[in-house]
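All remarks here apply to the structure that follows.
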Amino acid sequence: MDLDLLHETLASEPAFRARQVWRWTAHGAAGYDEMTDLPAALRARLASEVPFSSLRLVRDAHASDGTVKALFHTVDERPVEAVLMRYRDGRRSVCVSSQSGCPLTCTFCATGSMRFGRNLTASEILDQVLHFRRTEPVDHLVFMGMGEPLMNLDAVLGAAERLPDLGITHRCTGVSTVGWVPGIRRLTETEMPLRLALSLHAPEDGLRSRIMAINDRYPIAEVLEACEAFYARRRRRVFVEYVMLAGVNDAYAQAVQLATLLDPRIYKVNLIPYNPTGAYDGSSRGAIAAFQAAIEKHGLRATVRLTRGRDIDAACGQLAAKDDATPPAPRPRAAAGRAAPSAPRGSGPSARDRAARRASAGRRA
Ligand code: SAH
């Protein structure tokens, strides 16, 4: 629901009317008809003047593991994707998009190969969640769909402010970023205790720049410094996401390099099995397990993300990319497929090693 339009439309009504409408909506009402404490004439006026959702569902897909993926269009026909993940322990987590398409060009990401559309509004972000909220309660949210949330931070924070009304607390809301440093700094200053996740994907600047061009603008040392300031202020661990690409970033030496780079008191690593989009081969299960073991041996915690919705193209941008009328030429396969230089083997890294490595990682940019 376009909340600005709602407020304009209700401008001549008492202020509590907009709150009433929002309360019903946030609790999963399917339409204005259900808002029984609103006068019937007002409900009829709202139905004709304020579309109940700012998004139109174009298609949805239900995976055998309970994951649901929805493709929407905005009123100006921009594609937007969101995913609902259902877990056995009862958690219901929604993954939302912050932009239609993405201005960044990470080589492994389906959204990165689409045209960038535009930033989504706070209402368009909330409407993705409300779509699922209408079928069941939801309690977790991640900004891990299309787009770079920290490049649209006003709308992301605007949406985040209202999430508790839908049943999602700020502590259960995560923002995932490529390492957009000014955004990390702003996030550090907000009142809301949101979680921060960093998409790192490489332990040194040379490789990271080849697979994520944004690294030329914000190299690893600068990004980690911003994450560490976030931790110092918020006392909340930063999750490092690391998508496992065979022969690119999954060597033993790279695991050691990663463990040397990241302070285990501040970071926890989440290894992500690659959802194939054509550009790379994903690391095998065995390679992922070996990488995890190498990291943990060096004292850094690492988990392997459960793959969800494989059978429905649930990776970031996959549904919309299929619909995109004019995708750019495909990228060369495994363009970044060179392994990083080996790091010395041996005992776990000290804080001093870590600082030294980071400085040299920066110089290799
Ligand atoms: N721009 C933000 C949020 C969107 S992407 C960010 O980069 O963090 C959310 C996560 O999905 C990122 O960690 C991204 O690297 C990862 N991702 C993108 N494409 C993927 C794929 N094909 N398989 C697995 N993970 C992927």
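A compact table of results
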| item | result |
| --- | --- |
| Normalised contact order of region 184-247, rounded percent, pairs of Cα under 8 Å and 6 or more residues apart | 52 |
| Debye-sum result for region 71-223 in log10 I(q)/I(0), which assumes one identical scatterer on each alpha carbon, at q = 0.20 Å⁻¹ | -1.27 |
| 12 Å beta-carbon shell around residue 163, net charge (K/R +1, D/E -1) | 0 |
| Accessible carbon and sulfur surface of region 175-299 relative to its total accessible area, %, 1.4 Å | 50 |
| Rounded to whole Hz, the Karplus (6.51, -1.76, 1.60) HN-Hα couplings of region 150-159, x for glycine and proline | 6, 8, 9, 5, 4, 5, 4, 5, x, 5 |
| ³J(HN,Hα) computed for each position of region 131-141 - Karplus, 6.51 cos²θ - 1.76 cosθ + 1.60, integer Hz, glycine/proline x | 3, 7, 4, 6, 9, 6, x, 10, 9, 10, 8 |
| Residues with amide H under 5 Å from that of residue 142, placed H, sequence gap 5 or more | 94, 95, 96, 174 |
| Rough spin-label spacing in nm, given labels placed 7 Å along Cα→Cβ, for residue 23 and residue 105 | 5.1 |
| Contact order relative to length of region 1-145, as percent, for alpha carbon pairs under 8 angstrom and 6 or more apart | 22 |
| Calculated diffusion of the chain, Stokes-Einstein form, Kirkwood radius summed over Cα pairs, 20 °C and 1.002 mPa s, µm²/s | 100 |
| Average accessible surface area per residue within region 179-226, 1.4 Å rolling probe, Å² | 33 |
| Label-point gap, in nm, between residue 307 and residue 228 - each point 7 angstrom along Cα→Cβ | 3.6 |
| Region 1-50, accessible area per residue, ligands and nucleic acids excluded (1.4 Å, Å²) | 54 |
| Accessible-area composition of region 39-97, carbon plus sulfur, in percent [1.4 Å probe] | 52 |
| GluC sites (Glu not before Pro) lying in DSSP loop within region 130-227, provided at most 13 other Cβ fall within 10 Å | 191 |
| Total formal charge among the other residues, if their Cβ is under 13 angstrom from that of residue 193, Lys/Arg +1 and Asp/Glu -1 | +4 |
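The values are calculated or read from the model by the stated rules, or taken from the named source; none is laboratory data. Quick caveat, the model's predicted, so the values are computed rather than measured. All Cβ positions, glycine included, derive from the backbone under ideal geometry; neighbour counts span all protein chains shown. When the accessible area is computed, the model is the full protein with side chains, heavy atoms only, and any ligands, DNA or RNA have been set aside. Shrake-Rupley method; radii C 1.70, N 1.55, O 1.52, S 1.80 Å.
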